[in-house]
1. What percentage of the solvent-accessible surface of the chain, computed with a 1.4 Å probe over protein heavy atoms, is contributed by carbon and sulfur atoms?
2. With all protein chains present and a 1.4 Å probe, how do TYR45, TYR20 order by accessible area, largest first?
3. Taking only the alpha-carbon atoms of the chain, what semi-axes of the equivalent ellipsoid follow from 5 times the gyration tensor eigenvalues under a square root, in whole Å, largest first?
4. Rounded to the nearest 0.05, what FRET efficiency do GLU10 and SER46 have when you use their Cβ-Cβ distance and R0 = 25 Å?
5. Taking the solvent-accessible surface of protein heavy atoms with a 1.4 Å probe, what is the per residue accessible area of the stretch 1-83 in Å²?
6. Placing +1 on the Cβ of each Lys and Arg and -1 on the Cβ of each Asp and Glu in the chain, which of TRP17, PHE82, SER65 has its Cα farthest towards the positive end of the resulting dipole?
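The values are calculated or read from the model by the stated rules, or taken from the named source; none is laboratory data. On a predicted model such as this, the values are computed, not experimentally measured, just so you know. Every residue, glycine as well, gets a Cβ built from its backbone with ideal geometry; the counts of neighbours run over all protein chains shown. The area values use the complete protein model at the heavy-atom level, side chains included, leaving out ligands, DNA and RNA. Shrake-Rupley method; radii C 1.70, N 1.55, O 1.52, S 1.80 Å.
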Amino acid sequence: MNNFNNNGNERVISSGWNIYSKIFSRGSGIIFAQKPNGELSYYSYSGSPDLNNFNNNGNERVISSGWNIYSKIFSRGSGIIFAQKPNG
């Protein structure tokens, strides 16, 4: 626990994320969020993860739709998103 910021305690940065079926990060302050209807959005923040540090006033930016055909979605950085269909 000694190496955690905030003494290992959680820090709420926003709420309402329950509208998303998948949430993942690519690092560098970018959070991707997919709605059950397949719409993929991203949020970005500068500085420490805090509600006041989200860009675009904390509003999502929609990238595209149709992502609900994938069973897994993740990113390893550099703006690249990997997706796996249920059939592998």
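1. Taking all protein chains in place, the chain shows 44 percent carbon and sulfur surface.
2. Largest to smallest exposure gives the sequence TYR45, TYR20.
3. In descending order, the three semi-axes are 25, 16, 12 Å.
4. 0.75
5. The answer is 69 Å² per residue.
6. PHE82
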